């Protein structure tokens with residue numbers, strides 16, 4: 001920009017801004033206006049103003065030279081006396097007077113007023129004009145926009161043109177959350193609030209949306225405001241609480257059956273986050289990560305409540321009176337089912353316990369609790385047996401890659417003539433054989449292993465055995481579990497100084 005042009009532009013812009021401030025100070029009559037169109041300089045400076053529901057006025061000046069708005073937010077109101085919130089009025093159609101004070105109102109109140117304005121427009125101008133107006137992006141005020149659903153539950157107005165004509169039931173939020181169904185179910189002639197995860201059209205990010213939905217004359221009018229969702233990476237605890245809160249909101253709005261159906265589906269899983277719901281007596285009703293496992297849903301949490309470190313988390317889970325955190329070691333479905341420390345948020349509601357949790361991926365079970373790691377290995381083998389069957393588990397645990405250094409799972413089959421080795425990753429020569437299992441101290445650990453019952457849930461058997469890493473005999477502590485005639489075991493070795 002040359003110096004003469006810059007001076008002309010500066011003078012024109014100064015005139016406009018000073019004029020705006022004069023208006024805002026109430027020094028001009030209520031029907032006054034300020035406009036500057038300096039055709040001699042080739043620079044056009046114009047003023048516009050709009051009022052939000054809160055009473056705040058935004059005045060902006062624009063120049064064709066740089067095209068940038070300068071925005072002011074004085075405590076003032078402008079004419080016409082009943083301006084439409086969010087609509088910009090040009091400087092040839094408004095004047096400003098200064099009120100005593102224009103107080104801000106809450107986002108909730110703004111949202112309700114925004115929806116009420118849409119209903120008033122419908123009553124005043126009719127359906128066609130109303131729909132045309134709210135399908136224009138200019139009708140939005142920042143994150144606030146109006147969406148409208150017709151009598152057939154199809155969207156007829158929305159800031160996102162791709163949603164026009166889409167059945168509301170097909171509108172879902174992040175993680176497949178049924179936000180469209182939620183709005184339809186919650187809408188009421190007196191209005192109703194609901195919260196759900198949604199993608200903010202301004203940021204493009206998944207956030208929590210607070211929506212006010214009103215049913216009027218067969219239509220549903222809605223609008224809302226967004227709240228930043230907690231970060232999974234930086235605030236996993238807060239994200240966990242938000243995830244459970246979403247399930248509770250769905251339960252409130254859509255009911256028990258729809259909530260159970262949604263969270264028992266794999267689509268509801270969000271990385272390591274999945275929902276579980278138990279009856280107060282311990283019956284498993286919902287588990288997004290294990291719902292497809294035969295016999296899991298409907299089984300009881302009691303009797304299987306110890307984690308691999310021996311902590312009985314079931315009692316703490318079922319004793320939750322309102323809400324709270326518990327921590328235990330559990331397999332992470334988003335990290336190869338590795339056993340990690342899980343921090344779980346629990347909420348008791350309507351006789352049910354809702355929960356979800358996040359995993360500490362830096363937790364080293366081998367270093368923290370080698371006995372727990374042995375139990376975890378056996379549990380993984382038993383889980384594979386229960387989910388994919390006998391042959392699958394035998395095939396896998398005969399592969400060398402199923403072992404982890406000195407850690408491996410062995411599987412024995414109880415026959416009339418003794419215990420046969422049917423899977424052993426580190427000593428494949430033992431597979432298909434039976435032998436006397438008496439250690440160097442004369443302890444018959446074979447008999448102790450065979451004595452473990454399925455009903456008991458698992459037992460430790462201690463004996464002397466050869467460490468495959470050192471080639472030396474060492475005390476071994478094996479965790480043993482039974483499934484029918486198959487016996488699963490894994491253990492850890494004590495070092496010999």
Output the residues belonging to region 360-381 that are surrounded by 18 or more Cβ atoms within 10 Å (Cβ to Cβ) and in a helix (DSSP H, G or I).
-> 365, 372, 373, 374, 375, 376, 377, 378, 379, 380, 381
For region 200-221, state whether one or more residues are modelled with pLDDT of 95 or more, more than 13 Å from the chain's Cα centre (by Cα) and not in a strand (DSSP E or B).
-> yes
Expected single match for surrounded by 20 or more Cβ atoms within 10 Å (Cβ to Cβ), assigned by TED's automatic domain parsing to the domain that holds residue 214 and modelled with pLDDT under 95 among 147, 114 is 114
Identify, from the list 440, 423, the residue that is in contact with a strand residue (DSSP E or B) (Cβ under 7 Å, 6 or more places away or on another chain) and within 27 Å of residue 336 (Cβ to Cβ).
-> 423
Considering every residue within region 453-465, establish whether at least one is crowded, with 19+ Cβ neighbours inside 10 Å, assigned to a strand (DSSP E or B) and either in contact with a strand residue (DSSP E or B) (Cβ under 9 Å, 6 or more places away or on another chain) or in contact (Cβ under 8 Å) with a residue 40 or more places away in the chain (or both).
-> yes
Segments classed as helices (runs of 4 or more DSSP H), wholly inside region 232-327, with at least 3 members that are farther than 30 Å from residue 455 by Cβ = 236-254, 256-263
Counting only residues that are under 19 Å from residue 390 (Cα atoms), without any contact (Cβ under 8 Å) to a residue 60 or more places away in the chain and not in a loop (DSSP other than H, G, I, E, B), region 408-429 contains a total of 5
When you go through 260, 221, 239 one by one, which is the residue that is closer than 22 Å to residue 106 by Cβ and not assigned by TED's automatic domain parsing to the domain that holds residue 345?
-> 221
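The values are calculated or read from the model by the stated rules, or taken from the named source; none is laboratory data. None of the values given here were measured: they were computed from a predicted structure. Note that each Cβ is placed from the backbone with ideal geometry, even for glycine, and that neighbours are counted across all protein chains shown.
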